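Read the structure below first, then the notes.
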Amino acid sequence: SNVIETVDYSSSGSGTDYGDLVTAAYAQASHSDNNRLVTPQGDGRNTVINYISMNSKGNQADFGDCTNSVIEKGATGDTTRLIAAGGTDNPTGQVNVIQFLTMQSLGNAADFGDLNYSCRSPSGTSNGVKACFAGGLTFSGGGSPANAAFNNIDIVTVQSAGNATDFGDLTSTVYGAAGISGTSRALVAGGADYPSVTPRTTMDTFNIASAGNATDFADLVTAKHTCAGASNAHGGLNPGEQLPSVTYMPGSGKVLMLGGNRAGGDRNTIDTYQINTLGNAADFGDMLTTIDKNASCASTIKAISFGGETPAGNYQNVIQSVNFQSEGNAADFGDLVTGCHSNSGCNSVTRGINQTGYVSPGATSNEITYITMASAGNSTD
């Protein structure tokens with residue numbers, strides 16, 4: 001089939017048409033961030049990598065090429081990198097090759113390392129820092145014991161290339177199971193053993209952050225194998241596991257308080273605290289100007305302040321930005337179309353929105369303008 005279907009997590013219901021694959025295919029692997037889903041090959045044992053946009057319906061487009069011509073890979077990764085492993089390069093041959101690509105820049109895959117075993121149809125899972133490949137099948141056409149499923153779990157670090165190491169074992173040998181990830185837990189659901197090829201209902205689970213064997217999780221409603229699994233448990237953009245030695249990571253819960261009014265007048269200070277831990281706020285830096293009644297929005301990288309009013313009553317059009325990662329003062333980002341205060345802000349992953357408030361004493365505006373979060377510049381109507 002060349003059909004791409006979509007299902008909304010928030011409402012039960014059937015799949016609807018999303019677009020078409022470049023070519024009809026089966027046994028595909030895939031990985032996505034919040035913007036792009038990439039499929040490193042399907043049927044045909046070619047090298048072609050294709051992708052779609054997750055946010056707008058449409059057909060697949062060409063991304064680049066894999067390092068080999070195999071199908072039935074396992075795939076997983078983090079928010080920037082896709083890791084693909086294993087697969088079959090002919091009807092009776094398996095590979096242990098691991099390759100990777102950068103999700104948001106078109107281009108070819110590159111060699112990452114090797115699995116500890118050659119297999120087809122392993123299940124890929126990741127917590128955004130570590131990636132695991134579990135189970136799989138070796139098939140030579142010659143009969144048992146050459147034909148067998150695996151219970152192996154191999155692990156790699158997503159952002160540092162190298163060979164996989166042993167993580168532990170699944171509760172049973174399986175191939176063609178769905179690999180599903182949250183921020184810490186992996187599920188390997190369904191699948192089949194070999195040579196029985198009997199679909200199973202079982203689900204195994206393990207914690208990706210700590211090596212060890214899988215345990216039983218629960219059962220599927222119906223037995224199935226060679227199925228596809230997806231999860232919104234990671235929120236689309238998974239920053240991964242924050243180590244105790246790391247003081248900042250995108251999505252880690254750092255809060256910035258930008259300007260404001262206090263007894264005796266406005267202030268230009270920026271306060272910071274962690275939303276995940278109890279404790280007092282600390283000084284982060286200073287705003288460019290002393291303001292209150294400003295609006296704000298934020299990406300995982302930077303906080304934005306729109307407009308505001310100075311102690312002298314001036315309505316500001318300045319847009320200021322502050323990087324979460326490095327403590328320090330605000331920087332000039334650009335200008336609003338109209339100076340204002342008592343405005344409001346919101347944002348998506350890519351765009352910040354300013355809803356204008358007071359533009360002069362007693363006068364308000366219904367103007368909405370936007371900025372692109374990743375690049376400094378003036379707001380646009």
Only listed residue being of a type outside the set (Gly, Ala, Ser) and closer than 18 Å to GLY190 by Cβ, chosen from VAL174, VAL95: VAL174
message: Every residue in the range 153-186 that is among the hydroxyl-bearing types (Ser, Thr, Tyr) and surrounded by fewer than 22 Cβ atoms within 10 Å (Cβ to Cβ), please.
response: THR157, SER160, THR165, THR171, SER172, THR173, THR183, SER184
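Which ranges mark the strands (runs of 3 or more DSSP E) fully within the range 289-344 that have 2 or more residues being in contact with a strand residue (DSSP E or B) (Cβ under 9 Å, 6 or more places away or on another chain) and not small (Gly, Ala, Ser)? Please lay out each step first, then the result.
Values: elements: 295-298, 302-306, 318-323, 331-335.
Result: 302-306, 318-323, 331-335.
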message: Can you list residue pairs whose Cβ atoms sit under 7 Å apart, with the first residue in the range 210-237 being among the small types (Gly, Ala, Ser) and the second being surrounded by fewer than 16 Cβ atoms within 10 Å (Cβ to Cβ) and modelled with pLDDT of 90 or more? Count only pairs 6 or more apart in sequence or on different chains.
response: ALA223/THR201
query: When ALA312 is evaluated against the numbered criteria (1) open to solvent by 20 Å² or more (accessible area, probe 1.4 Å); (2) under 15 Å from SER296 (Cα atoms), which criterion, by number, is the only one it fails?
result: (2)
message: Tell me whether the range 270-285 contains one or more residues that are more than 27 Å from the chain's Cα centre (by Cα), assigned to a loop (DSSP other than H, G, I, E, B) and modelled with pLDDT of 90 or more.
response: no
- request: Scan the range 30-39 residue by residue and report those that are crowded, with 18+ Cβ neighbours inside 10 Å and modelled with pLDDT under 90.
  value: ASP33
query: Does the range 132-152 contain at least one residue that is aliphatic (A, V, I, L, M), surrounded by fewer than 21 Cβ atoms within 10 Å (Cβ to Cβ) and under 17 Å from HIS225 (Cβ atoms)?
result: yes
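Hey, any hits in the range 5-12 for a residue that's surrounded by 17 or more Cβ atoms within 10 Å (Cβ to Cβ) and closer than 22 Å to SER121 by Cβ?
Just the residues of the range 5-12 that are surrounded by 17 or more Cβ atoms within 10 Å (Cβ to Cβ), to begin with: none.
No, there is no match, as no residue in the range 5-12 is surrounded by 17 or more Cβ atoms within 10 Å (Cβ to Cβ) and closer than 22 Å to SER121 by Cβ.
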- request: Among the residues of the range 360-381, write down those that are hydrophobic (A, V, I, L, M, F, W, C) and assigned to a strand (DSSP E or B).
  value: ALA363, ILE368, ILE371
- prompt: Where residues in the range 345-359 are of a type outside the set (Ser, Thr, Tyr) and part of a loop (DSSP other than H, G, I, E, B), which of them is surrounded by the most Cβ atoms within 10 Å (Cβ to Cβ)?
  reply: GLY357
task: Considering only residues that are out of contact with any Asp or Glu (no Cβ under 6 Å at 6 or more places or on another chain) and open to solvent by 30 Å² or more (accessible area, probe 1.4 Å), look in the range 40-51 and name the one that is modelled with the lowest pLDDT.
output: ASP43
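Residue-wise test of (1) touching a residue at least 40 places away in the same chain (Cβ under 8 Å); (2) under 25 Å from VAL3 (Cβ atoms); (3) touching a strand residue (DSSP E or B) at 6+ places or on another chain (Cβ under 9 Å); (4) buried (at least 23 other Cβ atoms within 10 Å of the Cβ).
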site	(1), (2), (3), (4)
GLY77	yes, yes, yes, yes
ASN90	yes, no, no, no
VAL97	no, no, yes, no
ASP114	yes, no, yes, no
SER126	yes, no, yes, yes
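Please verify whether the range 146-156 includes one or more residues that are assigned to a loop (DSSP other than H, G, I, E, B), within 29 Å of ASN34 (Cα to Cα) and free of Cβ contacts under 8 Å to residues at least 24 places away in the same chain. Show your work before the answer.
Pass one, the range 146-156, residues assigned to a loop (DSSP other than H, G, I, E, B): 146-147.
Checking the rest, the ones that are also within 29 Å of ASN34 (Cα to Cα) come to none.
No, the range 146-156 contains no residue that is assigned to a loop (DSSP other than H, G, I, E, B), within 29 Å of ASN34 (Cα to Cα) and free of Cβ contacts under 8 Å to residues at least 24 places away in the same chain.
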message: Here is a list: TYR18, TYR26. Which entry is among the aromatic types (Phe, Trp, Tyr), farther than 30 Å from GLY162 by Cβ and surrounded by fewer than 16 Cβ atoms within 10 Å (Cβ to Cβ)?
response: TYR26
query: When residues of the range 202-215 are filtered for being open to solvent by less than 50 Å² (accessible area, probe 1.4 Å), closer than 23 Å to ALA148 by Cβ and in a strand (DSSP E or B), how many remain?
result: 4
- request: Would you please name the residue that is nearest to PHE63 (Cα to Cα), looking only at residues in the range 12-37 that are among the hydrophobic types (A, V, I, L, M, F, W, C) and touching a residue at least 60 places away in the same chain (Cβ under 8 Å)?
  value: ALA29
task: Scan PHE324, PHE284 and give me the residue that is aromatic (Phe, Trp, Tyr) and touching a residue at least 60 places away in the same chain (Cβ under 8 Å).
output: PHE324
- prompt: Pick from ASP335, ASP381, ASP286, ASP292: which is open to solvent by 20 Å² or more (accessible area, probe 1.4 Å), within 20 Å of ASP271 (Cα to Cα) and not small (Gly, Ala, Ser)?
  reply: ASP286
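The values are calculated or read from the model by the stated rules, or taken from the named source; none is laboratory data. Computed from a predicted structure; not experimentally measured. Here Cβ is always computed from backbone atoms with ideal geometry, including for glycine, and neighbour counts include all displayed protein chains. Note: areas computed on protein heavy atoms with side chains; ligands, DNA, RNA excluded. Shrake-Rupley method; radii C 1.70, N 1.55, O 1.52, S 1.80 Å.
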